[in-house]
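Inspection log for the structure reproduced underneath, given as structure tokens.
The values are calculated or read from the model by the stated rules, or taken from the named source; none is laboratory data. Note that this is a predicted model, so its numbers are computed, not measured. Counting neighbours? That spans all protein chains shown, and the Cβs are built from the backbone with ideal geometry, glycine included. Note: accessible area is taken over every heavy atom of the protein model, side chains too, but ligands, DNA and RNA are not part of it. Shrake-Rupley method; radii C 1.70, N 1.55, O 1.52, S 1.80 Å.
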Amino acid sequence: MSDSLHELADAFPTVHPKLEVASHEQLFHLLDNGNIDAIFDIKDAQETKGRITFKELRRSSLVCICHKDHTLAQREYFTVQDLSKETLIFCDPVYLAPDVAKLQWKLAEGRNPADIHFCGTSEASVVLAASGFGVALLPDLMVPDEKRIAMVALEEAPKMPFGIFYRSYPGDTILKKFIQIVTRHFQM
């Protein structure tokens, strides 16, 4: 993302980007009201946003994150049954795409609360997984390059569309240019 913003700054030296971190619903409210121009997020299967356009940039796999020395770290994939025997690390669902949040709650059903760690952010859940506290479940695009973790696919998990949500504004050349830049960078 920083490469895309760097290229935008070269094209428009006076642009002043404002980056926001908020809940999934808050971000869409800000976009719908014209307070922000674009959102990068996973598109929910049931999501329709009316006046908002979605441009898919890639498909994201759901992966299990664990310490590199975890007993299951060398496997090709985890099953839901494998996860039923593990301590799980969940992100605050308000910061996740609804489909990912629903899966977390499904995995939590019938579990002892002591077997689940809750984190405010995906970054915090990766830190706990890298520290050996359990297994986190995240879209692969949310996982930073970290030498102490293993990323293992979740069996039969659908690939989720990730992209940019935006409202079309007549004559907004900066937004149009940014979408072109981001699209090109994701194709590389």
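Check each of the trypsin sites (Lys or Arg not before Pro) in region 121-186 and keep only those in coil by DSSP with at most 15 other C-beta atoms within 10 angstrom; list them in order. Let's see the in-between values first.
Values: sites: Lys147, Arg148, Lys159, Arg167, Lys176, Lys177, Arg184; in loops: Lys147, Arg148, Lys159.
Answer by residue number: Lys147, Arg148, Lys159.
Run down the aspartates and glutamates and flag those whose C-alpha is under 13 Å from the C-alpha of Lys159, throwing out any fewer than 8 positions away in its chain.
Straight-distance partners of Lys159: Asp44, Glu56, Asp99, Asp140.
State the percentage of accessible surface on the chain attributable to carbon and sulfur atoms; use a 1.4 Å probe and exclude ligands, DNA and RNA.
Values: 5580 of 10790 Å².
Answer for the chain: carbon and sulfur cover 52 percent of the accessible area.
Would you mind counting up the charge near Asn112? Only other residues with Cβ under 14 Å from its Cβ, with Lys and Arg at +1 and Asp and Glu at -1. Numbers along the way, then the final one.
Working: positive: Lys85, Arg111; negative: Glu86, Glu109, Asp115.
Value of the local net charge: -1.
Roughly speaking, what is the stretch gain from Thr71 to Gln180, that is 0.36 nm per residue apart minus the C-alpha to C-alpha distance, in nm to one decimal?
On the way: separation 109, 0.36 × 109 = 39.24 nm, distance 4.33 nm.
Full extension of this stretch gives 34.9 nm more.
Based on a Kirkwood Rh over C-alpha pairs, give the Stokes-Einstein translational diffusion coefficient of the chain at 4 °C and viscosity 1.567 mPa s in µm²/s.
My calculation gives 72 µm²/s for D.
Tell me the trypsin sites (Lys or Arg not before Pro) within region 75-138 that lie in a loop according to DSSP and have at most 10 other beta-carbon atoms within 10 Å.
On the way: sites: Arg75, Lys85, Lys102, Lys106, Arg111; in loops: Arg75, Lys85, Arg111.
Of the trypsin sites (Lys or Arg not before Pro), the ones in loops of region 75-138 whose Cβ has at most 10 other Cβ atoms within 10 Å are Lys85.
Considering only Gly134, Thr87, Leu62, whose Cα is most displaced toward the positive end of the charge dipole of the chain, charges sitting on Cβ of Lys, Arg (+1) and Asp, Glu (-1)?
Selected residue: Leu62.
Give the aspartates and glutamates whose C-alpha is closer than 15 Å to that of Lys18, dropping any in the same chain fewer than 8 places away, or say none.
Those aspartates and glutamates meeting the cut-off are Asp37.
Going highest first, how would you order 65-73, 124-132 by mean Cβ packing within 10 Å?
Numbers: 65-73: 17.4, 124-132: 19.7.
Going from most to least packed, we get 124-132, 65-73.
With the other protein chains left in place, how much accessible area per residue, in square angstrom, belongs to region 1-157 at a 1.4 angstrom probe? Walk me through the intermediate numbers first.
Values: 9020 Å² over 157 residues.
Per residue, region 1-157 has an accessible area of 57 Å².
What net charge is computed for the residues neighbouring Glu123, neighbours being all others with C-beta under 12 Å from the C-beta of Glu123, Lys and Arg scored +1, Asp and Glu -1?
On the way: positive: none; negative: Asp92, Glu146.
Spelling it out: positives minus negatives among the neighbours equals -2.
Nearest 20 debye, what's the magnitude of the dipole of region 66-107 about its Cα centre given +1 on Lys and Arg Cβ and -1 on Asp and Glu Cβ? Spell out each step's value before the answer.
Numbers: 5 positive and 6 negative charges, 16 e Å.
In debye, rounded to 20, region 66-107 gives about 80.
Counting Lys and Arg as +1 and Asp and Glu as -1, each charge on the Cβ, what is the dipole of the chain about the Cα centre in debye, to the nearest 20? It would help to have the intermediate numbers written out before the result.
Numbers: 20 positive and 26 negative charges, 68 e Å.
That gives a dipole near 320 debye.
Mind checking region 120-188 for GluC sites (Glu not before Pro) that DSSP puts in a loop (not H, G, I, E or B) and that have at most 12 other Cβ atoms within 10 Å? Present the calculation step by step, with values, prior to reporting the outcome.
Working: sites: Glu123, Glu146, Glu155, Glu156; in loops: Glu146, Glu155, Glu156.
Passing both the DSSP loop test and the Cβ count: Glu156.
Expressed as cubic angstrom per residue, what is the convex hull volume of the alpha carbon set of region 1-66? Display every interim value, and only then the final one.
Numbers: hull volume 9.6 nm³, N = 66.
Roughly 145 Å³ of hull volume per residue.
At a Cα cut-off below 23 Å, give the lysines reachable from Lys68, other chains included and same-chain residues fewer than 8 away excluded.
Lys85, Lys147
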